[in-house]
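Colleague: Please read through the structure below; I'll follow up with questions.
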Amino acid sequence: MLRVGVTGGIGSGKTTVCEVLAVLGAPVFHADDEARQVQDDDPEVRRRMVDAFGEKFFENGALNRKALAERVFGDPDALRRLNEIVHPAVRERFKRFCVQHAREPYVVMEAAILVETGGHKALDHLVVVTAPEDERVRRVMGRDGADAAHVRARIRHQATDAQRKAVADTLIVNDGRTLVIPQVLSLHERLMGRT
Ligand code: ATP
């Protein structure tokens with residue numbers, strides 16, 4: 001079974017590509033959702049987060065995600081410590097996910113941050129979804145109601161398209177002009193070993 005990563009900058013269309021792969025029958029593991037879940041559900045992750053950042057980010061036992069995000073944004077050391085707590089727990093969940101789907105030809109991990117952490121090296125095939133920055137900003141503003149400066153600040157904290165492309169096995173161009181579904185179908189055929 002192949003383990004396939006799908007990554008790309010904010011608003012590039014990772015989730016959209018993964019939705020098409022899911023329609024084609026691929027099991028999709030959403031690493032960012034899983035990361036949120038382990039922070040909510042995993043007592044060991046909780047304990048280590050309290051040790052690292054203090055009780056103040058937990059109100060009546062519930063994580064104040066926004067406050068923690070503000071705390072680690074722009075502080076690489078704090079972000080690294082948070083990732084060192086959360087990522088191993090997510091990797092463990094992905095391992096279990098792969099075991100559950102061991103009979104499938106391939107499984108997909110969708111992750112916003114993958115090239116940045118070197119996480120792609122543990123996968124068999126890396127798909128990078130690209131779109132021009134202005135287009136990505138427009139999409140995220142439309143989807144989340146975020147302002148342009150906020151989206152651009154997040155983009156500055158992620159890897160660049162050039163860095164992602166340098167390690168990609170497959171590129172999917174989602175620039176709003178090139179058709180995406182034929183590209184995903186062709187990827188699926190290759191992963192199924194048909195082409
Ligand atoms: P994030 O990193 O923020 O989770 P993402 O890479 O997963 O983003 P999507 O959520 O798939 O990106 O897409 C961002 C927004 O742009 C969504 O509202 C989606 O419906 C829209 N979108 C994606 N691709 C296109 C496209 N080709 N044309 C128009 N809108 C698109």
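The values are calculated or read from the model by the stated rules, or taken from the named source; none is laboratory data. On a predicted model such as this, the values are computed, not experimentally measured, just so you know. No Cβ is skipped: glycine too gets one built from the backbone with ideal geometry, and neighbour counts run over all protein chains shown.
Colleague: Name every residue in the range 142-182 that is away from the ligand (no atom under 15 Å from the Cβ), assigned to a loop (DSSP other than H, G, I, E, B) and of a type outside the set (V, I, T), in order of residue number.
Modeller: D169
Colleague: Only residues in the range 58-84 that are free of Cβ contacts under 8 Å to residues at least 40 places away in the same chain count as the first member; pair them with residues that are of a type in the set (K, R) and loosely packed, with under 13 Cβ neighbours inside 10 Å, Cβ under 8 angstrom, at least 6 apart or cross-chain, and list the lot.
Modeller: A67/K56
Colleague: Against the condition within 26 Å of R80 (Cα to Cα) and either surrounded by 16 or more Cβ atoms within 10 Å (Cβ to Cβ) or not assigned by TED's automatic domain parsing to the domain that holds G9 (or both), how does L126 come out, does it pass?
Modeller: Answer is yes for this residue.
Colleague: So, one more: Are any residues in the range 39-56 assigned to a helix (DSSP H, G or I) and within 15 Å of R81 (Cα to Cα), and if so, which ones?
Modeller: Correct list: Q39, E44, V45, R46, R47, R48, M49, V50, D51, A52, F53.
Colleague: For residues that are among the aromatic types (F, W, Y) and part of a loop (DSSP other than H, G, I, E, B), tally how many sit in the range 57-97.
Modeller: 1
Colleague: All but one of (1) touching a residue at least 60 places away in the same chain (Cβ under 8 Å); (2) away from the ligand (no atom under 15 Å from the Cβ) hold for K95; which doesn't?
Modeller: (1)
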